[in-house]
Ligand SMILES: Nc1ncnc2c1ncn2[C@@H]1O[C@H](COP(=O)(O)OP(=O)(O)OP(=O)(O)O)[C@@H](O)[C@H]1O
Ligand SMILES: [Mg+2]
């Protein structure tokens with residue numbers, strides 16, 4: 001088994017009287033895709049927000065490699081190799097697709113350039129390298145044809161891929177995707193699943209995937225962690241999780 005990249009231990013978090021997270025623990029191994037599923041209100045997004053430092057858990061530990069994530073500020077998360085996408089697209093509508101993707105590498109650049117001076121004759125070496133890297137990512141995700149188009153007005157499925165491209169520009173070790181298939185049509189979901197699998201395999205990325213689209217999760221994941229009412233009720237291969245009595249119960253008991 002490969003090395004543990006992300007280790008989550010005994011995370012507890014309450015919001016007033018609501019126990020959002022009730023002690024879940026799991027490991028995510030390098031180069032693997034871990035699906036994080038569970039009925040509505042199970043605590044998936046809350047756990048996501050703890051890992052990306054938007055929420056502070058009441059207790060527990062989260063490590064990425066040797067780094068104790070809970071000692072970091074939110075703005076340091078990208079520096080240690082974590083990138084995430086948001087459930088609601090966080091793109092700049094008036095900027096081009098290329099500029100949006102370039103913004104994903106912003107934290108890495110020494111000069112900290114913001115991609116507004118593109119096209120000037122005096123493009124610096126670092127900018128040139130970033131643009132080349134962005135074009136490579138765009139090409140990889142089949143977005144080259146729309147690189148110079150403003151993000152606003154592009155189809156939703158395309159924008160989801162732009163968001164993924166932007167996250168990849170940060171060259172993360174851990175990519176966190178919050179419901180990436182939400183709002184996509186069937187063919188787009190299958191395509192996205194293939195793309196995520198390919199990114200993990202070719203870039204050695206680890207992926208934490210929160211998704212309600214069960215077929216997609218079961219197709220791409222090496223490991224699936226199931227939460228219900230803040231507790232982890234199952235953790236294993238897609239086949240193991242699918243056959244788990246508590247998982248079946250949790251889904252049949254809910255709206256699903
Ligand atoms: N900021 C907050 N303030 C108060 N309660 C919250 C907050 N965030 C989450 N909760 C509560 O914590 C619990 C877990 O919510 P969470 O959003 O993590 O669930 P989820 O698994 O992401 O659900 P869904 O599939 O519907 O997105 C819910 O009871 C929710 O109401
Ligand atoms: Mg959620």
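General observations
- Single unsatisfied condition, residue 48 versus (1) touching a residue at least 60 places away in the same chain (Cβ under 8 Å); (2) in a strand (DSSP E or B); (3) within 11 Å of ligand 1 (Cβ to nearest atom): (2)
- Flag for residue 65 being surrounded by fewer than 18 Cβ atoms within 10 Å (Cβ to Cβ) and free of Cβ contacts under 8 Å to residues at least 40 places away in the same chain: no
- Qualifying residue in segment 26-38 (condition: without any contact (Cβ under 8 Å) to a residue 12 or more places away in the chain and either assigned to a loop (DSSP other than H, G, I, E, B) or more than 9 Å from ligand 1 (Cβ to nearest atom) (or both)): no
- Among (1) more than 28 Å from residue 131 (Cβ to Cβ); (2) touching a residue at least 60 places away in the same chain (Cβ under 8 Å), the one test that residue 190 misses: (2)
- Restricted to segment 207-240, and to residues there that are without any contact (Cβ under 8 Å) to a residue 40 or more places away in the chain and away from ligand 1 (no atom under 16 Å from the Cβ), the residue that is surrounded by the most Cβ atoms within 10 Å (Cβ to Cβ) is 219.
- Residue in segment 191-201 that is within 16 Å of ligand 2 (Cβ to nearest atom), in contact with a helix residue (DSSP H, G or I) (Cβ under 9 Å, 6 or more places away or on another chain) and modelled with pLDDT under 90 present: no
- Segment 1-60, subset surrounded by fewer than 15 Cβ atoms within 10 Å (Cβ to Cβ) and within 16 Å of ligand 2 (Cβ to nearest atom), residue nearest to residue 228 (Cα to Cα): 40
- Looking at 21, 54, just one residue is assigned by TED's automatic domain parsing to the domain that holds residue 235 and either assigned to a loop (DSSP other than H, G, I, E, B) or within 19 Å of the chain's Cα centre (by Cα) (or both), and that residue is 54.
The values are calculated or read from the model by the stated rules, or taken from the named source; none is laboratory data. The structure displayed is predicted, hence computed values, not measured ones. Note that each Cβ is placed from the backbone with ideal geometry, even for glycine, and that neighbours are counted across all protein chains shown.
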